[in-house]
Amino acid sequence: MKILPEISRTLSEYLLIPGLTTEDCTPDTVDLGTALVRHRIGEESGVRIATPLVSAIMQAVSSPELAVALAQVGGLAFIHQNQPVEEQAADVRAVKRHKAGFRTIEVTVGPDTPLGEVARQLSATEQGVAVVTRSGDTEGAFLGIISLDDFHLERHGAHESAGSRMRGRAGLVTAPVTASLSEANELIWEHHLDVLPVLDGDRVASLVLKRDYQAHKTYHRASVDGEKRLRVGAGINSRDFKDRVPALVEAGADVLCLDSSDGYSVYQAKTLEFVRETYGDAVSVGAGNVVDGRAFRYLADAGAAFVKVGIGGGAICTTRAQKGIGRGQASALLDVVEARDAYARETGVHVPLCCDGGLLNDSHMAMALAMGADFIMLGRYFARLDESPSPKVQIDGQWYKEYWGEGSQRAQNAARYGQGGRMVFEEGVDGFVPYAGSLYDNVERTRAKLTSTMISCGSTNLRDFHRDAVLVPVSAESFKQTGAEVQLRRPTADH
Ligand code: RVP
């Protein structure tokens, strides 16, 4: 037995001392870009992202819709691995196939589906139009579309069929899957359409909506591959990797990540070895999670593309209480950063670090980046947003999104939290987080805050920020003074 001399500290136990802000340091010159995968120092990383935020490998967080939005604003999502291989590969494919302006189909019904059920599904998914197929699923033959303008429950009755009110295929203008967005928009305006189905053979590949015409923006920071397709990551585990990895690579995943709460294991090394033997350097796999330099070194030597840091800090995580393992996120990060920098000096290779779990506000992100994290993984942050797959619920007049841990009974993630492939006890909870609106707005605001912190510290890029940041631990007393000390009230019009 050995007891480490330092106390285990969290990110909120530190503050940054401002550095000299020069005229070169402005919102336009600050670059939040970062390397996602290992690279030789002085050379570019094979995958770089402009916004150092990635989404947690969780059911409640990383869906194709969130992955598209996050890649558009310069981050990257990791599609979760707590689902059959084929379903995960289909999610990856949906992101890689995404074409701006072309919407994936949210609601598909059959011709016999009652109108009441169509209305329920449209309202639950906040959609205006459903696709009708012969089989009632997305792969089925296209029969027509039905929108909220095509029926009224009081007039037509909840039991009438979708087929009786749909706009049938024969009377619809459609576009082939090869159409560009401007060709699709041409058809919409020429034929006075509100919706244009895009067909791939007999099935509907996507919809183009007239109301998206104005909203369509170009995302100058988007994370894209060499063919301008959005980038997406995917979680894997050290059990079924021989099946899962080939399917995800085939689907076009840009980077993979081992999903485990304790990554210091021979199983992770074996998974990395399999990928290296099968694909050489063509497939990048991140590993973790770890909380000390020894574990980092083990995974870096085994070929990890990046290493994820953090055990037990997640907002829904009870691992520390259940198993007694973990470490304060700041202490873990500082120890691993030292090992990462030593590894770089020794080998000439930079292995990026991902700070994962327990980042409750934007200042925690600034602190993690100052301490040396290359990018940040967030669960709770993204679960709160419109684009996350978790249900939105109203409680006492307030809106929330459901958020559950991968170690919870609800997630049943035995590959990550089980023993012998079976869940024996829980390491996570199932709860709610306050709903916070759109990912686009939230990420923009977070970027603005991180940029502002870096300007205060006089750094224009993350490398300099890490090198020059001056941090100070705060006492429990001064920590209490970090918030507002007045009773807050909402401003009124005359304030
Ligand atoms: P947070 O951002 O604080 O919500 O934390 C998300 C992280 O928590 C995930 O990336 C993962 O490492 C961890 N996690 C996920 N599920 C659980 C659990 O059930 N214990 N923990």
For region 1-56 and region 381-404, compute the distance between their C-alpha centroids and round to whole Å.
29 Å
Per DSSP helix of 4 or more residues, -39500 (n - 2.57); summed, then divided by the residues of the chain. What does that give at 222 nm, rounded to the nearest 500?
-9000 deg cm²/dmol
Compute the distance in nm between two label points, each set 7 Å from the Cα along the Cα-to-Cβ direction, one at LEU360 and one at GLU227.
4.5 nm
Going through the cross-link list LYS210/LYS401; LYS96/LYS242; LYS228/LYS392; LYS99/LYS210; LYS96/LYS308, which pairs have a Cα-Cα distance over 26 Å in this structure?
LYS210/LYS401; LYS228/LYS392
So for region 108-215, considering every pair of alpha-carbon atoms, how many percent are separated by more than 19 Å?
42 percent
Using 0.36 nm per residue, how much length does the chain from ARG422 to ASP194 gain when fully extended, once their Cα-Cα distance is taken away?
77.2 nm
Rounded to the angstrom and largest first, Cα extents along the principal axes for region 204-337 equal 55, 36, 26
Taking the Cα centre of each part, how many Å lie between region 191-238 and region 64-118?
10 Å
Taking only C-alpha positions in region 184-258, Rg and Dmax in angstrom work out to 17.9, 54
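In region 74-133, what GluC sites (Glu not before Pro) fall in a loop by DSSP, with at most 15 other Cβ atoms inside 10 Å?
Qualifying residues, ordered by number: GLU126.
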Across all directions of projection, what mean area in square nanometres is found for the Cα convex hull of the chain?
28.5 nm²
If each residue of separation counts as 0.36 nm, what is the full-extension length gain between SER123 and ARG320 once their alpha-carbon separation is subtracted?
66.9 nm
Region 303-342: proportion of alpha-carbon pairs further apart than 13 angstrom, %:
57 percent
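FYI, it's all coordinate maths here, none of it is from the lab. Predicted model, so just to flag it, every value in this text is computed and none were measured. Neighbour counts run over all protein chains shown; Cβ positions are idealised from the backbone, glycine included.
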